[in-house]
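One structure is given here, and the rest of the page talks about it.
The values are calculated or read from the model by the stated rules, or taken from the named source; none is laboratory data. All values derive from a computational prediction rather than experimental measurement. Every residue, glycine among them, receives a Cβ derived from its backbone with ideal geometry; neighbour counts consider all protein chains shown. These accessible areas exclude ligands, DNA and RNA; they are computed on the full protein's heavy atoms, side chains included. Shrake-Rupley method; radii C 1.70, N 1.55, O 1.52, S 1.80 Å.
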Amino acid sequence: QVQLVESGGGLVQAGDSLRLSCTASERTFRTYAVGWFRQAPGKEREFVAHIDWSGGTTYYVESVKGRFTISRDNAKLTAYLQMNSLKPEDTAVYYCAAQVLSGSDYRTEYDYWGQGTQVTVSS
């Protein structure tokens, strides 16, 4: 029922920053947790970051800790992924996802997915 649309991807150089946005179609989004995932060429989809419905709890994969920050603005029905100090290995299609049930596995249990936005980091 909830549609998610990612934006903000692009082609950047190593060390640069990008901010991805994920905007939802329905106000129920404000009660859902949000995750960011990525899939690089030839690799499996990877969990990147998670934020609970209130923004009070976050999780990150080890490889992005200290560089990426997940946040949300529920009034705008939008979640963000601020990516700093980008590396070539961050190159991937990035997806946002919404989790309806509190307490579900933050790495895998999501109910709605966006179409993805391409992030390419050159060396």
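Can you pull out every residue in the range 19-34 that is open to solvent by 30 Å² or more (accessible area, probe 1.4 Å) and outside any loop (DSSP other than H, G, I, E, B)?
Those that are open to solvent by 30 Å² or more (accessible area, probe 1.4 Å) and outside any loop (DSSP other than H, G, I, E, B): 19, 23, 27, 28, 30, 31.
Please go through the range 72-105 and pick out each residue that is open to solvent by 60 Å² or more (accessible area, probe 1.4 Å) and hydroxyl-bearing (Ser, Thr, Tyr).
Correct list: 85, 102.
Could you name every one of the strands (runs of 3 or more DSSP E) located completely within the range 58-123 that has at least 1 residues being among the acidic types (Asp, Glu) and touching a strand residue (DSSP E or B) at 6+ places or on another chain (Cβ under 9 Å)? Break it down into steps so the answer makes sense when it comes.
Values: elements: 58-60, 68-73, 78-83, 92-99, 117-122.
Those strands (runs of 3 or more DSSP E) span 68-73.
How about the range 38-57: which of its residues are at pLDDT 95 or above, over 20 Å from residue 1 (Cα atoms) and either in contact with a helix residue (DSSP H, G or I) (Cβ under 9 Å, 6 or more places away or on another chain) or open to solvent by less than 60 Å² (accessible area, probe 1.4 Å) (or both)?
Listed by number, the residues that qualify are 38, 40, 46, 47, 48, 49, 50, 51, 57.
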